[in-house]
Amino acid sequence: MNVFDFDNTIYDGETFVDLFKMMLKRDASVLRHSPRMVRGVVEYKSGALRLDEGLARYSKYVEQYLAKLPDMKGIVMEFWDNNIHKIKPFYEDVRQEDDLVISASPEMVIGEICRRIGIKHFIASDIDPVTGRIINMCFRENKVKAFREAYPDTTIDCLYTDSMHDKPLMDISNHVFMVKGNQITQIK
């Protein structure tokens with residue numbers, strides 16, 4: 001089985017950032033959350049904030065906003081109508097029938113694009129679409145846990161990712177490919 005991270009791997013960008021931009025165009029009140037969200041991302045990327053700390057500190061703002069949205073499914077559909085062109089061309093060259101996408105992005109977002117591009121298997125973060133509450137974050141070690149729960153007897157032949165945050169998945173993969181832009185480099 002080939003396993004793919006999604007953001008910056010198959011998708012040219014970060015779905016959360018692009019979705020935030022789309023929401024900002026629809027609703028300027030999103031802007032009031034920007035400073036704290038940017039601060040959280042900077043702290044996390046610099047290593048000053050662990051994921052669990054960031055979720056504890058910032059997820060309530062995401063939850064409050066998502067809970068107010070009347071039609072999240074419609075928003076996701078519109079998002080992919082406008083962003084499907086950002087699927088990287090290399091994916092079509094390596095795709096196989098049993099490919100798996102495993103992503104920290106929300107299941108409601110990843111599920112729709114996987115259906116559109118013909119990927120039957122995906123694991124993503126679980127967020128309640130009604131309350132916006134984060135139920136399970138599919139990130140780092142949690143990706144391995146989720147993979148093992150869903151596919152206990154399956155070996156990862158090739159892993160494609162853009163980040164060393166996927167080191168736990170790399171450790172259980174036969175081959176690892178680092179994706180930077182449109183350049184793919186085998187690192188294991």
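Quick notes on this one:
- Mean residue ellipticity at 222 nm, helices only, the chain: -13500 deg cm²/dmol; runs of at least 4 DSSP H residues each add -39,500 (n - 2.57), and the sum is divided by the number of residues.
- Rounded to the nearest 10 degrees, the angle from helix 51-68 to the longest Cα principal axis of the chain is 60 degrees.
- By the rule of a C-alpha distance below 25 Å, with chain neighbours fewer than 8 residues away ignored, the lysines paired with residue 60 are 21, 25, 45, 68, 73, 143, 145.
- Note that the stretch 94-102 has calculated 3J(HN,Hα) couplings of 10, 4, 9, 4, 9, 4, 10, 9, 10 Hz, one per residue in order, obtained from phi through the Karplus relation 6.51 cos²θ - 1.76 cosθ + 1.60 (θ = phi - 60°); glycine and proline are x.
- Karplus (6.51, -1.76, 1.60) ³J(HN,Hα), θ = phi - 60°, over the stretch 167-176, in Hz, Gly and Pro reported as x: 3, x, 6, 4, 5, 9, 9, 5, 9, 10
- Under 14 Å, Cβ to Cβ, from residue 69 - net charge with Lys/Arg +1 and Asp/Glu -1: -1
- Against the chain, whose longest principal axis comes from its Cα atoms, helix 107-117 is set at around 50 degrees.
- Here's the list of aspartates and glutamates a cross-link from residue 167 could span, going by alpha-carbon distance under 12 Å and ignoring same-chain residues fewer than 8 apart: 5, 141.
- Relative to the longest principal axis of the Cα atoms of the chain, helix 34-45 runs at roughly 30 degrees.
- Expressed in units of 2.2 N^0.38 Å, where N is the residue count, the Cα radius of gyration of the chain is 1.02.
FYI, it's all coordinate maths here, none of it is from the lab. Small disclaimer: the values here were computed from a predicted structure and weren't measured. Backbone-built Cβ (ideal geometry, glycine too); neighbour counts: all protein chains shown.
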